[in-house]
Amino acid sequence: MRRVLVIGPCGSGKSTLAAQLGQTLDLPVFHMDQLNWRPGWVESSKDELRAKLASITAAERWLIDGNSGATLDARLARADTVVYLDFPIVLCVWRLLRRIATYRGRTRPDMTEGCEERFDLEFLLYLLAWNRGPRPRTEEKLRDYHGLLVRLKSPRALREWLASLDKRSNAAAQLAATAPD
(Lines give C-alpha, C1' and ligand atoms only; values in the text may rest on other atoms or scores of the structure.)
Protein backbone atom coordinates (compact mmCIF):
# COMPACT_ATOMS: atom_id res chain seq x y z
CA MET A 1 0.00 0.00 0.00
CA ARG A 2 1.81 3.04 -1.32
CA ARG A 3 -1.01 5.19 -2.75
CA VAL A 4 -4.05 4.95 -0.51
CA LEU A 5 -7.48 6.60 -0.52
CA VAL A 6 -9.67 6.63 2.58
CA ILE A 7 -13.28 7.40 1.72
CA GLY A 8 -16.70 7.14 3.37
CA PRO A 9 -19.54 9.22 4.77
CA CYS A 10 -18.91 12.33 6.85
CA GLY A 11 -18.27 11.32 10.45
CA SER A 12 -17.09 7.81 9.58
CA GLY A 13 -13.59 8.51 10.87
CA LYS A 14 -11.68 9.02 7.62
CA SER A 15 -9.26 11.61 8.98
CA THR A 16 -8.61 9.68 12.18
CA LEU A 17 -7.90 6.53 10.19
CA ALA A 18 -5.75 8.44 7.69
CA ALA A 19 -3.51 9.77 10.47
CA GLN A 20 -3.15 6.32 12.01
CA LEU A 21 -2.65 4.51 8.71
CA GLY A 22 -0.23 7.14 7.44
CA GLN A 23 1.93 6.59 10.50
CA THR A 24 1.70 2.79 10.27
CA LEU A 25 2.58 2.74 6.56
CA ASP A 26 4.97 5.70 6.73
CA LEU A 27 3.00 7.62 4.09
CA PRO A 28 2.50 11.37 3.80
CA VAL A 29 -1.13 12.18 4.63
CA PHE A 30 -3.25 14.72 2.78
CA HIS A 31 -6.75 15.71 3.90
CA MET A 32 -9.20 16.78 1.19
CA ASP A 33 -10.69 19.28 3.65
CA GLN A 34 -7.33 21.02 4.01
CA LEU A 35 -6.73 20.96 0.27
CA ASN A 36 -10.18 22.30 -0.56
CA TRP A 37 -10.91 24.92 2.11
CA ARG A 38 -9.19 28.26 2.70
CA PRO A 39 -9.55 30.19 5.97
CA GLY A 40 -13.08 31.38 6.66
CA TRP A 41 -14.63 28.40 4.86
CA VAL A 42 -13.76 29.78 1.41
CA GLU A 43 -13.77 26.93 -1.08
CA SER A 44 -10.95 26.51 -3.61
CA SER A 45 -11.89 26.52 -7.26
CA LYS A 46 -12.16 23.10 -8.93
CA ASP A 47 -9.09 23.95 -11.04
CA GLU A 48 -7.04 24.87 -7.95
CA LEU A 49 -8.06 21.67 -6.20
CA ARG A 50 -7.30 19.52 -9.24
CA ALA A 51 -3.86 21.16 -9.59
CA LYS A 52 -3.02 20.49 -5.93
CA LEU A 53 -4.15 16.88 -6.27
CA ALA A 54 -2.26 16.35 -9.54
CA SER A 55 1.06 17.14 -7.86
CA ILE A 56 0.23 14.90 -4.89
CA THR A 57 -1.04 11.93 -6.90
CA ALA A 58 1.93 12.11 -9.28
CA ALA A 59 4.14 11.03 -6.37
CA GLU A 60 4.80 7.37 -5.63
CA ARG A 61 3.68 7.48 -1.98
CA TRP A 62 0.66 9.20 -0.46
CA LEU A 63 -2.50 8.76 1.55
CA ILE A 64 -5.49 11.00 0.84
CA ASP A 65 -8.64 11.03 2.95
CA GLY A 66 -11.94 12.50 1.82
CA ASN A 67 -14.61 12.06 -0.79
CA SER A 68 -14.93 15.06 -3.14
CA GLY A 69 -16.73 13.35 -5.99
CA ALA A 70 -15.38 15.91 -8.47
CA THR A 71 -11.83 14.63 -7.95
CA LEU A 72 -12.43 10.99 -7.03
CA ASP A 73 -11.83 9.65 -10.55
CA ALA A 74 -8.35 11.21 -10.78
CA ARG A 75 -7.40 9.91 -7.33
CA LEU A 76 -8.77 6.43 -8.06
CA ALA A 77 -6.74 6.25 -11.26
CA ARG A 78 -3.49 6.47 -9.26
CA ALA A 79 -4.49 4.63 -6.05
CA ASP A 80 -3.35 1.10 -5.29
CA THR A 81 -5.70 0.76 -2.29
CA VAL A 82 -9.10 2.27 -1.46
CA VAL A 83 -10.28 1.94 2.13
CA TYR A 84 -14.03 2.55 2.21
CA LEU A 85 -15.49 3.17 5.66
CA ASP A 86 -18.97 2.03 4.73
CA PHE A 87 -20.41 2.58 8.20
CA PRO A 88 -24.08 2.96 9.17
CA ILE A 89 -25.30 6.53 8.74
CA VAL A 90 -26.76 6.61 12.28
CA LEU A 91 -23.24 6.04 13.63
CA CYS A 92 -21.81 8.71 11.33
CA VAL A 93 -24.43 11.26 12.43
CA TRP A 94 -23.60 10.54 16.08
CA ARG A 95 -19.89 10.95 15.37
CA LEU A 96 -20.48 14.16 13.42
CA LEU A 97 -22.51 15.68 16.27
CA ARG A 98 -19.85 14.59 18.76
CA ARG A 99 -17.15 16.18 16.57
CA ILE A 100 -19.10 19.45 16.42
CA ALA A 101 -19.46 19.47 20.22
CA THR A 102 -15.79 18.63 20.73
CA TYR A 103 -14.32 21.18 18.32
CA ARG A 104 -17.02 23.88 18.20
CA GLY A 105 -15.37 27.26 17.63
CA ARG A 106 -11.95 25.64 17.09
CA THR A 107 -10.19 24.25 14.03
CA ARG A 108 -9.88 20.46 13.81
CA PRO A 109 -6.38 19.04 13.22
CA ASP A 110 -7.38 17.82 9.73
CA MET A 111 -8.91 21.15 8.66
CA THR A 112 -7.46 24.38 7.32
CA GLU A 113 -6.65 26.88 10.06
CA GLY A 114 -9.40 29.50 10.20
CA CYS A 115 -12.20 27.01 9.48
CA GLU A 116 -13.67 26.67 12.94
CA GLU A 117 -16.00 23.76 13.59
CA ARG A 118 -19.66 24.74 13.61
CA PHE A 119 -23.10 23.25 13.26
CA ASP A 120 -24.23 23.36 9.63
CA LEU A 121 -27.76 22.12 8.96
CA GLU A 122 -27.10 21.75 5.22
CA PHE A 123 -24.08 19.53 5.97
CA LEU A 124 -26.13 17.41 8.39
CA LEU A 125 -28.86 17.00 5.76
CA TYR A 126 -26.20 15.97 3.21
CA LEU A 127 -25.07 13.23 5.58
CA LEU A 128 -28.63 12.12 6.30
CA ALA A 129 -29.17 11.78 2.53
CA TRP A 130 -25.90 9.84 2.01
CA ASN A 131 -27.58 6.55 1.11
CA ARG A 132 -29.81 8.20 -1.51
CA GLY A 133 -27.32 10.55 -3.18
CA PRO A 134 -23.60 10.50 -2.44
CA ARG A 135 -23.42 6.75 -1.78
CA PRO A 136 -24.81 5.63 -5.18
CA ARG A 137 -22.52 8.11 -6.95
CA THR A 138 -19.53 6.84 -4.96
CA GLU A 139 -20.46 3.21 -5.61
CA GLU A 140 -20.69 3.93 -9.33
CA LYS A 141 -17.21 5.43 -9.38
CA LEU A 142 -15.84 2.43 -7.44
CA ARG A 143 -17.39 -0.10 -9.84
CA ASP A 144 -14.19 -0.60 -11.85
CA TYR A 145 -11.88 -0.58 -8.80
CA HIS A 146 -13.13 -3.54 -6.75
CA GLY A 147 -9.69 -5.14 -6.86
CA LEU A 148 -8.31 -2.18 -4.90
CA LEU A 149 -11.23 -1.90 -2.47
CA VAL A 150 -11.16 -2.67 1.24
CA ARG A 151 -14.78 -2.16 2.32
CA LEU A 152 -15.23 -1.98 6.08
CA LYS A 153 -18.82 -2.05 7.35
CA SER A 154 -18.25 -1.35 11.06
CA PRO A 155 -15.70 -0.01 13.54
CA ARG A 156 -15.11 -3.62 14.61
CA ALA A 157 -14.27 -4.64 11.03
CA LEU A 158 -11.89 -1.67 10.89
CA ARG A 159 -10.15 -2.73 14.13
CA GLU A 160 -9.78 -6.29 12.83
CA TRP A 161 -8.36 -5.08 9.51
CA LEU A 162 -5.89 -2.79 11.28
CA ALA A 163 -4.82 -5.67 13.53
CA SER A 164 -4.20 -7.82 10.45
CA LEU A 165 -2.00 -5.04 9.02
CA ASP A 166 -0.01 -4.89 12.26
CA LYS A 167 0.51 -8.67 12.17
CA ARG A 168 1.71 -8.50 8.57
CA SER A 169 4.02 -5.57 9.36
CA ASN A 170 5.46 -7.38 12.37
CA ALA A 171 5.98 -10.58 10.36
CA ALA A 172 7.69 -8.63 7.57
CA ALA A 173 9.93 -6.85 10.08
CA GLN A 174 10.87 -10.18 11.70
CA LEU A 175 11.68 -11.71 8.29
CA ALA A 176 13.82 -8.72 7.38
CA ALA A 177 15.65 -8.91 10.71
CA THR A 178 16.47 -12.61 10.27
CA ALA A 179 17.32 -12.49 6.57
CA PRO A 180 20.93 -13.30 5.73
CA ASP A 181 23.09 -10.41 4.55
query = How about Lys141: which lysines have a C-alpha closer than 24 Å to its C-alpha, ignoring those fewer than 8 places off in the same chain?
reply = Lys14, Lys46, Lys52, Lys153
query = Using the alpha-carbon centroid of each, what span in Å lies between region 62-122 and region 2-44?
reply = 7 Å
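Given R₀ = 45 Å, what would the calculated FRET efficiency be for Tyr145 paired with Leu97, taking r from the Cβ atoms and rounding to 0.05? Walk me through the numbers on the way to the answer.
Working: r = 31 Å, r/R0 = 0.70.
E between Tyr145 and Leu97, to the nearest 0.05, is 0.90.
Ranked by accessible surface with a 1.4 Å probe, highest first, in what order do Leu148, Leu121 come?
On the way: Leu148 45, Leu121 100 Å².
If we order Leu148, Leu121 from most to least accessible, we get Leu121, Leu148.
Compute the length gained on full extension between Glu160 and Arg106: take 0.36 nm times their separation in residues and subtract their Cα-Cα distance, giving the result in nm to one decimal. It would help to have the intermediate numbers written out before the result.
Values: separation 54, 0.36 × 54 = 19.44 nm, distance 3.23 nm.
Stretched fully, the Glu160-Arg106 segment lengthens by 16.2 nm.
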remark   = What helix-only [θ] at 222 nm does the chain give? Using -39500 (n - 2.57) per DSSP H run of at least 4, over all residues, to the nearest 500, the answer is -16000 deg cm²/dmol
task = Pull out the extension gain between Asp73 and Glu113, defined as 0.36 nm times the separation in residues minus the alpha carbon to alpha carbon distance; nm, one decimal.
result = 11.7 nm
request  = At a 1.4 Å probe radius, which order do His146, His31 fall into by accessible area, largest first?
outcome  = His146, His31
message = If each residue of separation counts as 0.36 nm, what is the full-extension length gain between Asp120 and Arg50 once their alpha-carbon separation is subtracted?
response = 22.6 nm
task = Would you mind counting up the charge near Val150? Only other residues with Cβ under 12 Å from its Cβ, with Lys and Arg at +1 and Asp and Glu at -1.
result = -1
task = Report the accessible area of Trp94, computed with a 1.4 Å probe over the heavy atoms of all protein chains in place, in Å² rounded to the nearest 10.
result = 150 Å²
Largest to smallest accessible area among Arg151, Arg99, Arg159 [probe 1.4 Å] = Arg159, Arg151, Arg99
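The values are calculated or read from the model by the stated rules, or taken from the named source; none is laboratory data. Since the structure is predicted, the reported quantities are computational estimates derived from the model, not experimental observations. No Cβ is skipped: glycine too gets one built from the backbone with ideal geometry, and neighbour counts run over all protein chains shown. With ligands, DNA and RNA removed, areas are computed over all heavy atoms of the protein, side chains included. Shrake-Rupley method; radii C 1.70, N 1.55, O 1.52, S 1.80 Å.
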